[in-house]
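What follows is a set of notes on a single structure, which appears directly below.
The values are calculated or read from the model by the stated rules, or taken from the named source; none is laboratory data. None of the values given here were measured: they were computed from a predicted structure. Here the Cβ positions follow ideal geometry from the backbone for every residue, glycine too, while neighbour counts run over all protein chains shown.
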Amino acid sequence: MRSILLLIILLCLCTPISAQKNDTYRPFSLQVNYLNGLIIPKTDHLNYLIQDKISAIEIRLGFHPNPKINWINQYAVSEVGLAYYTGDLGNDKILGKINSIYPYISFTLLKWGNLKFNTDVGLGLAILSKYYHPVDNYANSLLGSKYNANVNLSTSIKYSLADIDFIGGLYFSHISNGSSQHPNDGYNFINSKIGISYNFGKKKEYVKLNVSYPKQPNEFSIVSNHAFREKSTNDPHKYYISTLSITHVWGLNSKQRFGLGIDLFYDKSINRGDWNLNPETSFDHRFHQGVFVAHDLIFNKFTFITQLGVYTYYKSSPSSQSIYNRLGLRYRFSKHLLVNIGLKAYFDKSDYIEFGIGYYINKKKKHARI
């Protein structure tokens, strides 16, 4: 979670890289990385299970978009693509192995001659060969599902030599299921990486221009999100959760908005009593409300949202913590409609993954005619 917030800060400060006006690039690349590192222990139990360092291979098929496209130039996007990751988790018998596939996007933060400093972010699906089972694998109390979300962040230095790039850097990854199935302590691991990339395809030329971008308009949105989650390992039931989020954000510059919002929650898992649903919880105890501050990072039709909220009304407490946060991705598919996927959490502890649809209105400021 902290690594994703660091990425947001870097992108907010990032400006297009100064470069030669005339330059060339090839549209595709094939990259192979070797990774070696360790799982970051969250509990003493995980410390006990880890028997060795972890190692993995990552293969990336990348596309280098035209640098003259507005949002590509604005965010210094150098590559988008699809990656495959395969490796171990330090204990083959109990923790097993991981295979993951995810799309990624790479940003160039600094360029100096043949050297580039990049940061990449990816989000996809991780498949575990070993996970919690009350009989077959009860020692693994970290994850209870075979299929999980994988969020990763990496930084790298690239040295270019003709059509080949030599790569070194760091790779951080978080694996969890968003409490859709317990247990859900998840994995956090950090790797060092070395690799090589081959750039191919017809060489293209472009002229890079310095462009000023207009300020983002103010926006008002209403989003309805829905999720299912388990309460605990001892409770096998799936509980329905619904959230109505109302937000108003003000444009700060060409990339960002900042604002305030209110959440209205309906959560059937609150105060359920025994695992057999006795006693039944009344409706007013399933309802709670929160307010939050919001930050939007805009990539063309996509918006990466971060929110930090506090519960302001409830009859039964939804959590032992009063402060919550949300990371999400929104896509605007029409003039007023959007779809949303988000992770609600308590800092580094996932609460649930939510999906939704929303309505938005943005208002551009009128400029005086001269």
Regarding segment 196-207, can at least one residue be identified that is modelled with pLDDT of 90 or more, of a type in the set (V, I, T) and surrounded by fewer than 17 Cβ atoms within 10 Å (Cβ to Cβ)? yes
Between a first residue in segment 93-117 that is assigned to a loop (DSSP other than H, G, I, E, B) and a second residue that is among the acidic types (D, E), which pairs have beta carbons less than 9 Å apart while being 6 or more apart in sequence or on different chains? L95/D88; G96/D88
Yes/no for I190 being out of contact with any helix residue (DSSP H, G or I) (no Cβ under 6 Å at 6 or more places or on another chain), under 24 Å from Y48 (Cα atoms), assigned to a strand (DSSP E or B) and not basic (K, R): yes
Residue tally, condition over 30 Å from Y104 (Cβ atoms) and either aliphatic (A, V, I, L, M) or touching a Gly at 6+ places or on another chain (Cβ under 7 Å) (or both), over segment 135-154: 2
Hits in segment 298-314 (condition: assigned to a loop (DSSP other than H, G, I, E, B) and exposed (fewer than 13 other Cβ atoms within 10 Å of the Cβ)): K301
Would segment 158-166 turn up any residue that is more than 17 Å from the chain's Cα centre (by Cα), of a type in the set (S, T, Y) and in a strand (DSSP E or B)? yes
Test for V135: is it part of a loop (DSSP other than H, G, I, E, B), surrounded by fewer than 20 Cβ atoms within 10 Å (Cβ to Cβ) and hydrophobic (A, V, I, L, M, F, W, C): yes
Could you identify the single residue in S129, S106, S29, S55 that is within 25 Å of Q181 (Cβ to Cβ), hydroxyl-bearing (S, T, Y), modelled with pLDDT of 90 or more and touching a strand residue (DSSP E or B) at 6+ places or on another chain (Cβ under 7 Å)? S129
Of everything in segment 168-187, what is in a strand (DSSP E or B) and either of a type in the set (G, A, S) or modelled with pLDDT of 80 or more (or both)? Give them in sequence order. G168, G169, L170, Y171, F172, S173, H174, I175, S176, Y187
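Matching residues to (1) modelled with pLDDT of 90 or more; (2) of a type in the set (K, R); (3) assigned by TED's automatic domain parsing to the domain that holds L252:
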| residue | (1), (2), (3) |
| --- | --- |
| W275 | no, no, yes |
| E280 | no, no, yes |
| G290 | yes, no, yes |
| F299 | no, no, yes |
| Q307 | yes, no, yes |
| T312 | yes, no, yes |
| R330 | yes, yes, yes |
| R369 | no, yes, no |
